[in-house]
Amino acid sequence: MSESDNIPGGDFRIFLQKIAMQGFYALGLIEIPGAPAPETNVPMARSVVDDLIMLREKTEGNLDDGERMTLDKYISDLQFQVVERSK
């Protein structure tokens with residue numbers, strides 16, 4: 001069994017996490033083992049925020065409370081970090 005066989009799929013919150021991690025990586029807030037240290041890329045992080053906002057609009061009324069709160073939290077956390085990195 002390979003390591004990739006253990007990666008869960010089909011869970012909306014994990015899906016959101018995968019998208020949000022792209023934004024956090026673009027801001028230099030997380031590192032990927034073995035990869036070069038990321039440079040801050042605020043426009044890329046803003047793009048991720050825009051994608052999450054679009055996802056929130058497209059799924060309005062179809063998410064349970066936990067999914068909606070998770071999505072809102074990722075959006076607000078990323079927006080805050082974008083503002084902080086833009087100073």
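The values are calculated or read from the model by the stated rules, or taken from the named source; none is laboratory data. Keep in mind it's a predicted model, so treat the numbers as computed, not measured. Neighbour counts are summed over all protein chains in view; Cβ atoms, including those assigned to glycine, are modelled from backbone coordinates with ideal geometry. Keep in mind that these areas ignore ligands, DNA and RNA; they rest on the heavy atoms of the full protein, side chains included. Shrake-Rupley method; radii C 1.70, N 1.55, O 1.52, S 1.80 Å.
A few notes on this one:
- Across the stretch 29-45, coupling constants 3J(HN,Hα) worked out from phi with the 6.51/-1.76/1.60 Karplus curve, θ = phi - 60°, read 8, 9, 10, 9, x, x, 9, x, 4, x, 8, 5, 10, 4, x, 5, 5 Hz, and Gly and Pro carry x.
- Placing unit charges on the Cβ atoms only, positive for Lys and Arg and negative for Asp and Glu, gives the stretch 1-74 a dipole magnitude near 160 debye about its Cα centre.
- Computed over Cα pairs, the Kirkwood radius of the stretch 2-69 leads via Stokes-Einstein (1.306 mPa s, 10 °C) to a diffusion coefficient of 117 µm² per second.
- Within the assembled protein chains, the solvent-accessible surface assigned to M21 is about 60 Å², based on a 1.4 Å probe.
- Cut-off 11 Å, label 7 Å out along Cα→Cβ of D64, residues of the stretch 8-23 by amide N: 12-13
- Accessible surface computed residue by residue for the chain, with neighbouring protein chains in place and a 1.4 Å probe, gives 70 Å² per residue.
- In the chain, the portion of solvent-accessible area held by carbon and sulfur atoms comes to 52 percent [1.4 Å probe, whole percent, DNA, RNA and ligands not counted].
- Taking a sphere under 12 Å around the Cβ of F24 and counting the other residues whose Cβ falls inside, with K and R at +1 and D and E at -1, yields a net charge of 0.
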